[in-house]
Amino acid sequence: MLQLVTAPKNEASELVERLLRRSQRESDSERAEVIVELVEELLLRRFTQLNREEVRRMFQLHDLRKSRVWQEAHETGIEKGIEKGRAEGIEQGEARAHQKTVQRLIAKGKTPKEIAALLGFTLAQVRRLARR
């Protein structure tokens, strides 16, 4: 990959081909995807007069993106992104629910210490939720 940085245009094609073949042999589909993305970004920076689509055509990256390995890696990335989004959404939803509960209990005259005991939170957690 480092050779690709300084290689003349005619040698770059051969280097890209070797890198892409290596990525296709890669058993870890996520790693293969990273290799392809790095090559693409490097080529975009190296050949600034070309846009992304021209780089993909010139170095046949568009063909690779149609391969089974690429599709699997792409699907895996999407699935992980969805899972992460759900987890963050659940965490945020729980935090908002806890915040509302703490604020309601404070409005009813409960002390932070009582609220912590009722909800099983630490006093610091109750104070943090009360401030939001």
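Within the set of pairs 6 or more residues apart or between chains, which connect a residue that is in contact (Cβ under 8 Å) with a residue 60 or more places away in the chain and on the phi < 0 side of the Ramachandran plot inside segment 1-26 to a residue that is surrounded by 12 or more Cβ atoms within 10 Å (Cβ to Cβ) and outside any loop (DSSP other than H, G, I, E, B) with Cβ atoms less than 9 Å apart? Correct list of pairs: empty, since none qualify.
May I ask you to verify whether Leu61 is hydrophobic (A, V, I, L, M, F, W, C) and either at pLDDT below 75 or more than 23 Å from Gln24 (Cβ to Cβ) (or both)? When the stated conditions are applied, Leu61 passes them. Restricting to segment 96-128, and then to whatever is within 29 Å of the chain's Cα centre (by Cα) and in contact (Cβ under 8 Å) with a residue 24 or more places away in the chain, can you tell me which residue is surrounded by the most Cβ atoms within 10 Å (Cβ to Cβ)? Within segment 96-128, the match that is surrounded by the most Cβ atoms within 10 Å (Cβ to Cβ) is His98.
Going by the conditions given, is Lys80 charged (D, E, K, R), free of Cβ contacts under 8 Å to residues at least 40 places away in the same chain, exposed (fewer than 15 other Cβ atoms within 10 Å of the Cβ) and under 30 Å from Glu30 (Cα atoms)? Show your work before the answer.
Values: charged (D, E, K, R): yes; free of Cβ contacts under 8 Å to residues at least 40 places away in the same chain: yes; exposed (fewer than 15 other Cβ atoms within 10 Å of the Cβ): yes; under 30 Å from Glu30 (Cα atoms): yes.
So Lys80 passes the test.
Among all residues of segment 88-101, there is none that is at negative phi and outside any helix (DSSP H, G or I).
The values are calculated or read from the model by the stated rules, or taken from the named source; none is laboratory data. Note that the structure is predicted; figures quoted are calculated from it, not measured. Cβ atoms come from the backbone with ideal geometry, glycine included; neighbour counts cover every protein chain shown.
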